[in-house]
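For reference, the structure is listed below as structure tokens.
Please treat every number below as a calculation from the coordinates, not as lab data. Remember, predicted model here, so these are calculated numbers, not experimental data. Here the Cβ positions follow ideal geometry from the backbone for every residue, glycine too, while neighbour counts run over all protein chains shown.
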Amino acid sequence: MLQIAQGLLAEFEQESHITRKFLERLPEDKLTWKPHEKSMSAGQLALHLALVPGQVAELARQDPATAPDFRQPNPQPRSVREVLDALDQSIQTVNGILPNLDDSTMQKTWRAVKDGQEIVAMPRAVLFRNFLLNHWYQHRGQFGVYLRLLGQKVPASYGPSADELPDFLHQRQSA
């Protein structure tokens, strides 16, 4: 049975469309813009948003997994197209891994190690919820602030933004 994976995958599919709308609004000439010297550039944050799902899905296949080195800066993309292509690849990776994880596998403890020491252990379903979805949403909200500071329209997600209504309200009004 794949009830856990199916639920996560349905949410991921819906959210990937919303995330794409955010990433498509990044101005090509603002990839290196930063709101603060300690912040990631707009391009780095956008590429991080694009890569996270696939990276988490790949980590979930490994047990134990080698923990990523979070001290390394995120790569700087050269174009918005590079970001969107990375998102497409990331979505493909999730769609190739998540549907194959049965409930028993999703409930088993997944571990990450660093220098031979276990640094985190959690059920695989929690890994997907916390590190793929919740982490993704947190950075998408951060990216929405970047868009606003850059003078771009912020997409609606679960409700209206100051710039637009969510898709489900557009569909309802046109019906």
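A simple spin-label model places pseudo-atoms 7 Å from Cα toward Cβ; at Ser104 and Ser39 they are separated by 4.8 nm. Stretching His135 away from Ile119 to a fully extended chain increases their span by 4.0 nm, per 0.36 nm per residue minus the current alpha-carbon distance. The slack in the chain from Glu13 to Val145, taken as 0.36 nm per residue of separation less the alpha-carbon distance, amounts to 45.2 nm. Show which aspartates and glutamates lie in cross-link reach of Lys114 when reach means a straight Cα distance below 15 angstrom and same-chain residues fewer than eight apart are skipped. Those aspartates and glutamates meeting the cut-off are Asp63, Asp69.
Summary of the geometry: the stretch 97-125 and the stretch 1-56, compared by the centres of their Cα atoms, lie 22 Å apart. From the largest down, the stretch 1-106 spans 47, 29, 19 angstrom on the principal axes of its Cα atoms. To the nearest 10 degrees, how steeply does helix 80-97 sit against the main Cα axis of the chain, on a 0 to 90 scale? Relative to the chain, helix 80-97 is tipped by roughly 30 degrees. With loop membership from DSSP and a limit of 11 other Cβ atoms within 10 Å, the longest segment of the chain without chymotrypsin sites (Phe, Trp or Tyr not before Pro) is 71-157. Between Leu165, Gly144, Leu9, the Cα set farthest toward the positive side of the dipole of the chain (charges on each charged residue's Cβ, about the Cα centre) is that of Gly144. Simple point charges give the picture: +1 on the Cβ of Lys and Arg, -1 on the Cβ of Asp and Glu, and for the chain a dipole about the Cα centre of about 380 debye.
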